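First comes the structure, then the notes that go with it.
The values are calculated or read from the model by the stated rules, or taken from the named source; none is laboratory data. Just so it is clear, the structure is predicted and the values come from calculations on it, not from any experiment. Cβ atoms come from the backbone with ideal geometry, glycine included; neighbour counts cover every protein chain shown. Surface areas here come from the heavy atoms of the whole protein model, side chains and all, with no ligands, DNA or RNA. Shrake-Rupley method; radii C 1.70, N 1.55, O 1.52, S 1.80 Å.
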Amino acid sequence: MKQADFVSLVVPFKDKVFRLAKRLLVSREEAEDATQEILLKLWKHKEKIGEYNNVEAFSMTMTKNFCLDRLKSKQAQNLKIVHSNYTDNNTSLQQQLEARDSIEWVSKIMEDLPEQQKIIVQLRDIEHYDFTEIAKMLDMNETAIRVSLSRARKTIREKLNNTHSYGIK
């Protein structure tokens, strides 16, 4: 088997190998290493590849076994330490839509607030001004600002909870 034949055979499923390795090993770097190892093993045994009915299924089995062996090995102790702190910072499309929807609801709820509460929420929670700065801007007592902000937040929270729990009993 020539290199071009091997590449044309392996390229269609190499991303599947990577995804399986990433699912099992969690770490992107470990998954890349595992994928490279699997492809290297396939290349070393390229003459025997023709004997397999389904090379893709064979490579997926190799990937699964390689990853499980990797997790069982002594090197896996390091992986567990790394992966216990691993967090995926990518949010799913579902979470992005829910967040955007919640922001739109908060905006609608804020429109119905009394003008003073609306201004205080805007200055404190969105613009991040200190209470003393807001007190100077609005010519109000800091305590009155805190009370007004608390009431506004409570109203927003209650209306948002009612919106999210609509139909749930």
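Some observations on this one:
- Using a Förster distance of 35 Å, the FRET efficiency for V147-A99 (Cβ separation, nearest 0.05): 0.75
- What you get for the chain, charging only the Cβ of Lys and Arg (+1) and of Asp and Glu (-1), is a dipole of about 800 debye around the Cα centre.
- Helical runs (DSSP H, four residues minimum) scored at -39500 (n - 2.57) apiece and divided by the length of the chain put the mean residue ellipticity at 222 nm at -24000 deg cm²/dmol.
- The share of accessible area on the chain that comes from carbon and sulfur is 51 percent, using a 1.4 angstrom probe.
- Heavy-atom accessible area ranking, 1.4 Å probe, most first, across T163, T143: T143, T163
- Note on the chain: Cα-only Rg and Dmax are 28.3, 84 Å.
- A 1.4 Å probe over all protein chains sorts L160, L68 by accessible area into L68, L160, starting with the largest.
- The residues of segment 107-169 expose on average 73 square angstrom of accessible surface per residue, using a 1.4 Å probe on protein heavy atoms.
- For segment 110-169, taking the reciprocal of the average inverse distance between every pair of different Cα atoms yields a Kirkwood hydrodynamic radius of 12.2 Å.
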